[in-house]
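Notes for the one structure printed next.
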Amino acid sequence: MYLNGLGGRLPPFTTDLTALESSARERLEPGPFRYVAGAAGSGATDRANRAAFDAWRLVPRMLRDATVRDLRTTVLGTRMPAPVLLAPVGVQSIVHPDGELATARAAAALGVPMVLSTASSHTVEEVAEASGDGPRWFQLYWPNDDEVCASILARARAAGFTTLVVTLDTWTLAWRPHDLDLSYLPFIRGIGTAVPYSDPAFRAGLARSPEKDPTSAVLHWVRMFTGTDKSWDRLPFLRQRWDGPIVLKGIQHPDDARRAVAAGMDGIVVSNHGGRQVDGAVASLDVLPEIAEAVGDEIEVLFDSGVRTGADVLKALALGAKAVLVGRPYVYGLAHGGEDGVRHVLRSLLADLDLTLALTGHRSPAELSPQSLRHA
């Protein structure tokens with residue numbers, strides 16, 4: 001199905017999603033490109049994420065009646081055409097002026113859930129409108145002010161976002177040499193701040209509006225969203241203010257996964273933020289199996305960090321993930337062609353996923369298991 005239209009004519013840009021980074025480098029200014037492509041420190045964690053996928057090999061099976069496949073799944077009440085979501089990526093306007101609005105339209109057209117970042121270049125309400133009837137989740141960078149947090153959550157719920165994804169690993173920004181060397185951080189320029197800047201509780205803490213005094217607004221933003229780690233005993237605050245599923249993103253240890261279960265959370269994302277936060281950290285795929293085993297079916301286990309191909313998706317599913325989140329590839333697609341670029345990347349990934357599932361002898365993602373793989 002997803003292959004229809006991809007053959008028979010020259011694509012707008014490459015269908016090889018592993019080549020998109022190189023292609024995007026030629027289209028973007030150094031600051032925006034390095035912000036998207038960059039990682040913490042030496043980039044060791046980013047490289048480890050990809051190496052972890054290469055360390056596993058799919059084992060094709062024959063005569064399995066895989067002519068017809070069904071990629072559909074349901075995660076935390078959200079029906080999906082395939083076990084794929086768009087990861088929360090902020091400040092998308094640095095690669096294309098339409099930013100998250102273009103991404104929302106492309107995702108909705110294919111029925112793929114979009115996870116909107118708190119660091120969006122557009123407001124919650126604007127992205128919800130662009131999404132139409134498409135499924136959408138909301139990612140929270142947890143503010144240091146409870147009233148602002150409660151206000152943002154209420155707006156997201158009112159705008160039709162169904163699942164809350166709480167990012168735990170980015171309460172302060174990591175050491176990112178590329179951004180430092182280029183002196184490039186969008187937030188201090190007021191980019192990626194549309195959600196708080198449009199929030200009445202945030203604005204109530206300012207003597208003058210962000211439009212009249214952008215410098216004071218940026219300083220207020222810095223105090224609000226960086227520098228303070230939270231604790232497990234704070235999770236009830238979120239539960240009291242969000243009546244849908246809550247997912248904790250950034251889990252890398254089985255004990256933290258067990259604590260998420262004990263805290264009554266609905267899901268976790270095994271993620272190291274694409275290698276952007278801790279240099280030299282473990283690859284997310286390397287810890288996925290033990291985390292999945294630790295929690296069993298008590299909580300939904302999702303995965304991100306390093307996903308580039310349909311084979312990558314299958315490997316993560318076989319090792320215990322219910323669905324995966326893809327990040328940088330669709331942002332590169334956005335840089336190449338706005339809404340059409342995001343759609344092209346998604347259709348390419350889903351077609352690759354479907355074909356690889358078929359040719360390994362599986363009719364649905366549910367048939368995958370660790371026995372579908374061999375460690376190289």
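List of remarks:
- Cα-only Debye scattering, the chain: base-10 log of I(q)/I(0) at q = 0.09, 0.10, 0.14, 0.15 Å⁻¹: -0.48, -0.60, -1.24, -1.45
- Springs join every pair of Cα atoms under 10 Å in this Gaussian network model of the chain, and among Gly90, Gly333, Gly77 the largest mean-square fluctuation is at Gly77.
- Rounded Å value of the spacing that divides the Cα centres of the stretch 88-102 and the stretch 207-243: 21 Å
- Added length on full extension, which subtracts the Cα-Cα distance from 0.36 nm per residue, Arg223 to Ile188: 11.4 nm
- Size estimate for the stretch 32-99 follows the Kirkwood approach: the inverse of mean 1/r over distinct Cα pairs works out to 16.4 Å.
- Taking GluC sites (Glu not before Pro) in DSSP loop conformation with at most 14 other Cβ atoms inside 10 Å as exposed sites, the chain has its longest uninterrupted site-free stretch at 1-210.
- Counting other Cβ atoms within 10 Å as a rough exposure proxy, the listed residues Ser209, Ser151, Ser120 run Ser209, Ser151, Ser120 from fewest neighbours to most.
- Using just its DSSP H runs of length 4 or more, each adding -39500 (n - 2.57), the chain gives a mean residue ellipticity at 222 nm of -12500 deg cm²/dmol after division by all residues.
- C-alpha long axis of helix 328-359 to longest principal axis of the chain, angle in °: 30 degrees
- 15 Å Cα-Cα reach of Lys315 towards aspartates and glutamates, excluding residues that sit fewer than 8 places from it in its own chain: Asp54, Asp286, Glu290, Asp304, Asp352, Asp354, Glu367
- Each principal axis of the stretch 121-249 carries a Cα extent, and these read 40, 32, 28 Å when sorted largest first.
- For the stretch 219-262, convex hull volume per residue from C-alpha positions, Å³: 108 Å³
- Ordering Met62, Met265 from the fewest to the most neighbouring beta carbons within 10 Å gives Met62, Met265.
Throughout, read-outs are computed from the coordinates displayed, never taken from laboratory work. Quick caveat: nothing in here was measured; it's all calculated off a predicted structure. Positions of Cβ are generated from backbone atoms using ideal geometry, with glycine treated the same way; all protein chains shown enter the neighbour counts.
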